[in-house]
1. Compare the Cα positions of H215, G185, P163 along the charge dipole of the chain (+1 at Cβ of Lys, Arg; -1 at Cβ of Asp, Glu; about the Cα centre) and return the one farthest towards the positive end.
2. Using amide H atoms built in the peptide plane, which far-off residues or other-chain residues are under 5 Å from R50 H to H?
3. Points 7 angstrom from Cα along the Cβ direction at N164 and L111: gap in nanometres?
4. Amide H of V265: which non-local residues (sequence gap of 5 or more, or other chain) have their own amide H closer than 5 Å, using H built in the peptide plane?
5. Quick one, what does Rg over Rh come out to for the chain if you take C-alpha atoms and the Kirkwood Rh?
6. For the chain, find the longest principal axis of its Cα atoms and tell me its angle to the long axis of helix 93-102, 0 to 90°, nearest 10.
7. Let me spell out the model: positive unit charges on the Cβ of Lys and Arg, negative unit charges on the Cβ of Asp and Glu, origin at the Cα centre of the stretch 33-276. What dipole size does that give, in debye rounded to 20?
8. What's the extension gain from S59 to D152 if we count 0.36 nm per residue and subtract their Cα-Cα distance?
Amino acid sequence: MRAGKIHRGLIKLFFLALAALFFGACGLLVGEPFIDPVPEADITRHGNDRAEIYLRSYSPHDAFSQFTIFYRIYVSDVSIPATTTDTFPAINPILQQNFNSVYPFIDSDTLFGTNMHNLFSGINFRYLFLANAANLTGTALVEANVPVLSIDQVLGRSLFYRPNAELILEFDFSQSQQVPVLRIGSDEFILLRAESHPGIGSFNPRPEHRRFINHDDLREYDYINVNFNADVANRAGLTGIDRRFTYVAMFIVGVGMNPLTFANVYSTPSLIHVFQIPDP
């Protein structure tokens, strides 16, 4: 009888160890929730200035808290009408390097459970912020100081209380726009650059209004450093008039909370698009 209990106990320990090995290999700790990514198939990209994310089939896990968006800006000397992965080296070699760092995780069935804050911080991406565009027009829309919204106020669980027809995130960087915006149903939000980053510290973006506008100060070599435009990647060898264009790469990630440790857990990332930033 005693030998039988020991035998059964050893079998149980074996399967527990096997399960721990499996989940550890996948990146998840035992008891850690799995946060679904946004499938690449649910993102539609247009040219170099628009993208839609369809969330109608997305079912947030109980632990899901919000989506977050990581971005980085790149100085370039070329204007490309339709940005695709094939055009990244021409835009800026650093864009290609950054994409190569993220690419293995996109739509991966094995690399889930990775800390996306660490991954994107390691390649100098920052968190996107938003401001409500309601009742803003003209100069106010472009330059006025507005109350800044953290992304979870817009892309948190309340997002899924909207009618199914409104579960589309539309990013618009069209030159005809005064400023790039995110549309959700009838609501419109101004896209804003960061001015700090957890674990890294604050910086003073130029121009100070933080809109995604291809301003001279955004491309200015002397401002591309950790104190000012810490969210911008220079392109080596460009001087003067060659420093004419800027692009921004954006990735969306689902975020949740581990109920045991209260630490953030993340989905794998999805590329929203590489947008050409419009001129003033």
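Values quoted throughout were computed directly from the atomic coordinates according to the rules given, and no laboratory measurement underlies them. Just so you know, these numbers come straight off a predicted model, no measurement behind them. With ideal geometry, Cβ positions are generated from the backbone for all residues, glycine too; neighbour counts draw on all protein chains shown.
1. Toward the positive end, the furthest listed residue is P163.
2. F173
3. Result for the modelled spin labels: 3.4 nm.
4. G256, M257, N258
5. Details: Rg = 21.3 Å, Rh = 20.2 Å.
Across the chain, the Cα-based Rg/Rh ratio is 1.05.
6. On a 0 to 90 degree scale, this one is about 20.
7. Here the size comes out at about 200 debye.
8. Working: separation 93, 0.36 × 93 = 33.48 nm, distance 1.68 nm.
Separation in residues times 0.36 nm, less the Cα-Cα distance, equals 31.8 nm.
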